[in-house]
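Quick notes on the structure that follows.
The values are calculated or read from the model by the stated rules, or taken from the named source; none is laboratory data. Everything quoted here is computed from the prediction, not taken from an experiment. Here Cβ is always computed from backbone atoms with ideal geometry, including for glycine, and neighbour counts include all displayed protein chains. Surface accessibility is based on the protein's heavy atoms, side chains included, excluding ligands, DNA and RNA. Shrake-Rupley method; radii C 1.70, N 1.55, O 1.52, S 1.80 Å.
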Amino acid sequence: MSVAASTFEKTPGWLDWFAGPSTPVFQLPPGAVDAHCHVFGPGAAFPFAPERKYTPCDAGKAQLFALRDHLGFSRNVIVQATCHGADNSAMIDACRSSGGKARGVATVQRSVTDAQLQVLHEAGVRGVRFNFVKRLVDFTPKDELMEIAARIDTLGWHVVIYFEAQDLPELWDFFTALPTTVVVDHMGRPDVTRPVDGPEFELFLRFMREHPNVWSKVSCPERLSVSGPKALGGEQAAYRDVVPFARKVVETFPDRVLWGTDWPHPNLKDHMPDDGLLVDFIPHIAPTSELQRKLLVDNPMRLYWPEET
C-alpha cells in the first residue's frame, strides 16, 4: 500500500476519544460485556472506505482493549463502523486478537459468499448491522437486506438495526418481518425532550412488546441528551434527561437489553464524554444488582457467547 493511500485526514472538527478516562465509581459485575464499541483503523493498516461519509481518528484494538481493562469489562462486542463500509478487516482483526474476549457485528453485502460468511463466523461475528440513518450511509434496498437476513439466520446470527425514532413507522413492516433476533441500537434514538409516556416512545415500546425477538441497546446517552449534564468533570448524574427512557426499557424488558460504551464515539459534535463517567450512568438506568447483571452479563453472553451459558 502506498504512503498516500494510508494517510487519512480527519473530518474537520472531529472530536477524538477522551484521553485518561476516570476510574468508574460503579463497580461492574464480574464478566461484564461492553456490547457496543468500534475500532477505527488504524488507517495505515486498515484503510477507511472510499464511500465513507466521515474520516475518524485512529482508534485501534490496543486502545479498545486497554479501555476495557481500565473500566472493568471482561469482553467486547465490536460493531462494524460505517467509515469502514463492508470491509470488516479491522473489526475481524480485533476479534481474532482478543483471545476469545470479543465478538463482532459485521456489515455485509448481498454478494457475500457462504464461505466468506463462514470465515466471519469463525472469527467471532454473530450479527450484521443494517443502518437506516441517512446522514451516515446510502440507502440499501430492503429486498437485499431481507435476503442477507435470511442467510445469516441459518448461522444463528442476529440483525442490528440503527434508525431514528421518526422513521420507525415507515420501517415497521420491514423490521417486523425480519426472521432473526433484532437488536435496536440506542433505543431507536428517541427525542428525549418529548414525554417518556408520549406516543413516539410508546411506539418503540410497543415494537418491543409485540415482538419478543426485538432487543434494545440502552446506550449512547451522550448522543441523545439535550439538557445533560455532560459526563465530564466528575459528574455522577450525567444525562439525566435520558435516564427515564433507558430505565423504562431496562425495567420493562430486563431480558432483552444490552449496554455499551460506543467508544470511540463517532461523529459527536458537542463534547467527548469521559468513559469512566459513562459507566457511572449504568446504575441510574439499572438500579438493582439483578438488573445490572442481566444488562451487562447474562443478556450479552446469551446472545454472543451462547456456548458458554
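Data table
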item: 222 nm mean residue ellipticity, helices alone, for the chain (DSSP H n ≥ 4; -39,500 (n - 2.57); rounded to 500); result: -8500 deg cm²/dmol
item: Rough spin-label spacing in nm, given labels placed 7 Å along Cα→Cβ, for GLU251 and GLU164; result: 3.0 nm
item: Distant-in-sequence amide H partners of VAL125 (H built 1.01 Å from N, under 5 Å); result: GLY104
item: Interchain or long-range residues, amide H under 5 Å from ALA32's placed H; result: SER74
item: Antiparallel bridge percentage (DSSP; both residues within the chain; nearest 5); result: 5 percent
item: Electrostatic dipole magnitude of the chain [Cβ: Lys, Arg +1; Asp, Glu -1; Cα centre; debye, to 20]; result: 240 debye
item: Efficiency of FRET between GLN116 and TRP14 - r from beta-carbon atoms, R0 45 angstrom, step 0.05; result: 0.90
item: Ratio Rg/Rh, restricted to the stretch 220-306 and using Cα atoms, in which Rh is the Kirkwood radius; result: 0.97
item: Long-range amide H partners of TRP215 with built H, under 5 Å; result: VAL182, VAL183, VAL184
item: Surface accessible to a 1.4 Å probe, PHE139 within the full protein complex, Å²; result: 140 Å²
item: Spatially proximal aspartates and glutamates relative to LYS248 (Cα-Cα < 15 Å; intrachain offsets below 8 disregarded); result: ASP191, ASP197, GLU200, GLU202
item: Total formal charge among the other residues, if their Cβ is under 13 angstrom from that of LEU303, Lys/Arg +1 and Asp/Glu -1; result: +3
item: From phi via Karplus (6.51, -1.76, 1.60), per-residue ³J(HN,Hα) for the stretch 181-197 in Hz, x at Gly/Pro; result: 4, 10, 10, 8, 6, 6, 6, x, 6, x, 7, 7, 7, 8, x, 5, 9
item: Scattering profile of the stretch 14-85 at q = 0.13, 0.17, 0.24 Å⁻¹ [log10 I(q)/I(0), Debye over alpha-carbon scatterers]; result: -0.43, -0.69, -1.13
item: Highest-fluctuation residue, PRO254, PRO266, PRO50 considered, GNM on the chain with Cα pairs under 10 Å; result: PRO50
item: Simple label model, 7 Å out from Cα along Cβ direction - ASP173 to SER227, nm; result: 3.9 nm
item: Euclidean distance between Cα centres, the stretch 24-75 to the stretch 271-309, Å; result: 16 Å
item: Net dipole in debye of the stretch 83-159 [+1 Lys, Arg Cβ; -1 Asp, Glu Cβ; about Cα centre; nearest 20]; result: 340 debye
item: D_trans [Stokes-Einstein, Kirkwood Rh over alpha-carbon pairs] for the chain, 20 °C, 1.002 mPa s, µm² s⁻¹; result: 110 µm²/s
item: Residue-count net charge about PHE8 - beta-carbon cut-off 10 Å; Lys, Arg +1, Asp, Glu -1; result: 0
item: Cα-based equivalent ellipsoid of the stretch 49-118: semi-axis lengths in Å, sorted from largest, via gyration tensor; result: 23, 17, 8
item: Backbone N under 11 Å from the THR193 label point (7 Å along Cα→Cβ), restricted to the stretch 221-257; result: 226-227
item: J(HN,Hα) series, the stretch 202-213, from Karplus relation 6.51 cos²θ - 1.76 cosθ + 1.60, nearest Hz, glycine and proline x; result: 4, 5, 5, 4, 5, 3, 6, 5, 7, 10, x, 7
item: Distance between modelled label sites at HIS211 and ARG240, nm, 7 Å Cα→Cβ extension; result: 3.5 nm
item: Electrostatic dipole magnitude of the stretch 165-275 [Cβ: Lys, Arg +1; Asp, Glu -1; Cα centre; debye, to 20]; result: 140 debye
item: Per residue accessible area of the chain, 1.4 Å probe, in Å²; result: 41 Å²
item: Segments 217-228, 167-178 sorted - mean Cβ within 10 Å per residue, highest first; result: 217-228, 167-178
item: Overall form of the stretch 169-229 per C-alpha gyration tensor (a/c, 1.5; a/b vs b/c); result: prolate
item: Cross-link partners of LYS101 among lysines (Cα-Cα below 23 Å; sequence separation of 8 or more within a chain); result: LYS61, LYS217, LYS294
item: For the chain, with +1 on Lys and Arg beta carbons and -1 on Asp and Glu, the positive-most of ALA45, PRO56, GLY276 along the dipole; result: GLY276
item: Whole-angstrom Cα spans of the stretch 136-184 along principal axes, big to small; result: 31, 19, 19
item: Signed unit charges on C-beta, dipole axis of the chain, positive-most listed residue ILE285, ALA66, CYS83; result: ALA66
